[in-house]
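J.: Take a look at the following structure, please.
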Amino acid sequence: MEKLRGFEVAKGFEDKGINLPERKTKYSAGYDIEAAEDTIIPSFKKGAAPTLIKTGIKAYMQDDEVLFLYNRSSNPKKKGLILANSVGVVDKDYYGNQDNDGHIMFAFYNIKEEDIEIKKGEAIGQAIFQKYLITDDDQAQGIRQGGFGSTRKE
């Protein structure tokens with residue numbers, strides 16, 4: 001069977017009991033993604049960096065596809081968790097990169113007054129594969145040189 005798109009366990013997480021994302025209902029667009037380990041997300045303080053929650057997974061896809069990472073709809077109200085980048089974008093060439101093998105992480109801020117604990121195996125977000133288009137005059141030739149946040153690094 002030809003591999004078109006899907007999820008795999010990222011290097012370093014092979015023996016950690018990682019569950020690959022799944023859709024829970026027939027008409028769900030998103031694949032539910034779980035935390036790979038227990039993580040404390042501190043209450044927000046001005047100037048603080050977001051907390052990266054490891055998933056232990058990576059995603060492969062076709063050349064004209066992208067994987068979008070979205071927050072769970074219940075996270076802001078129930079846990080005070082918001083995505084630092086609003087929507088995560090995982091490009092095809094992130095898969096298997098030299099820095100982190102394409103390991104997908106969610107960047108969260110906690111807007112509650114108390115720290116929030118996320119347990120291993122807890123659903124933290126969802127991922128949706130989508131096709132994308134390019135312009136007639138697109139000339140992109142660059143090659144990814146790293147992992148998380150590596151675009152335009154010199």
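J.: Could you grab me the full set of residues in the range 76-106 that are among the aliphatic types (A, V, I, L, M), buried (at least 18 other Cβ atoms within 10 Å of the Cβ) and within 20 Å of Pro42 (Cα to Cα)?
T.: Those that are among the aliphatic types (A, V, I, L, M), buried (at least 18 other Cβ atoms within 10 Å of the Cβ) and within 20 Å of Pro42 (Cα to Cα): Leu81, Leu83, Met105.
J.: Could you tell me whether any residue of the range 38-48 is assigned to a strand (DSSP E or B), modelled with pLDDT of 95 or more and acidic (Asp, Glu)?
T.: Scanning the range 38-48, I find no residue that is assigned to a strand (DSSP E or B), modelled with pLDDT of 95 or more and acidic (Asp, Glu), so the answer is no.
J.: When you scan the range 29-52, how many residues do you find that are in contact (Cβ under 8 Å) with a residue 60 or more places away in the chain and of a type in the set (S, T, N, Q)?
T.: 2
J.: Here's another thing I want to ask about it. Can you tell me which residues in the range 83-99 are part of a loop (DSSP other than H, G, I, E, B) and over 19 Å from Pro21 (Cα atoms)?
T.: Ala84, Asn85, Ser86, Asn97, Gln98, Asp99
J.: Right, something else. So is Ile134 of a type in the set (Val, Ile, Thr) and touching a strand residue (DSSP E or B) at 6+ places or on another chain (Cβ under 6 Å) or not?
T.: It is false that Ile134 is of a type in the set (Val, Ile, Thr) and touching a strand residue (DSSP E or B) at 6+ places or on another chain (Cβ under 6 Å).
J.: Then there's this: In the range 3-11, is there at least one residue being under 29 Å from Ile134 (Cβ atoms) and at pLDDT below 95?
T.: Yes - at least one qualifying residue is present in the range 3-11.
J.: Another one. Taking the options Thr55, Thr25, name whichever one is among the β-branched types (Val, Ile, Thr) and either without any contact (Cβ under 8 Å) to a residue 60 or more places away in the chain or within 21 Å of Lys112 (Cβ to Cβ) (or both).
T.: Unique residue meeting the criteria: Thr25.
J.: Six or more apart or on different chains, Cβ atoms under 6 Å: show the pairs whose first residue is in the range 125-154 and surrounded by 10 or more Cβ atoms within 10 Å (Cβ to Cβ) and among the aliphatic types (A, V, I, L, M) and whose second is in a strand (DSSP E or B) and modelled with pLDDT under 95.
T.: Listed by first residue and then by second, the contacts come to nothing, as the list is empty.
J.: Restricting the search to the range 107-124, which residues are surrounded by fewer than 21 Cβ atoms within 10 Å (Cβ to Cβ), farther than 21 Å from Lys16 by Cβ and either at pLDDT below 95 or over 15 Å from the mean Cα position of the chain (by Cα) (or both)?
T.: Residues satisfying the conditions are Ile111, Lys112, Glu113, Glu114, Asp115, Ile116.
J.: Still on this structure, please answer the following. Checking Ser73 against (1) part of a strand (DSSP E or B); (2) of a type in the set (Ser, Thr, Tyr); (3) surrounded by fewer than 16 Cβ atoms within 10 Å (Cβ to Cβ), which test does it fail?
T.: (1)
The values are calculated or read from the model by the stated rules, or taken from the named source; none is laboratory data. Worth saying up front: this structure is predicted, and the values here are computed from it rather than measured. Methodologically, a virtual Cβ is constructed for each residue, glycine included, from the backbone with ideal geometry; neighbour enumeration extends over all protein chains shown.
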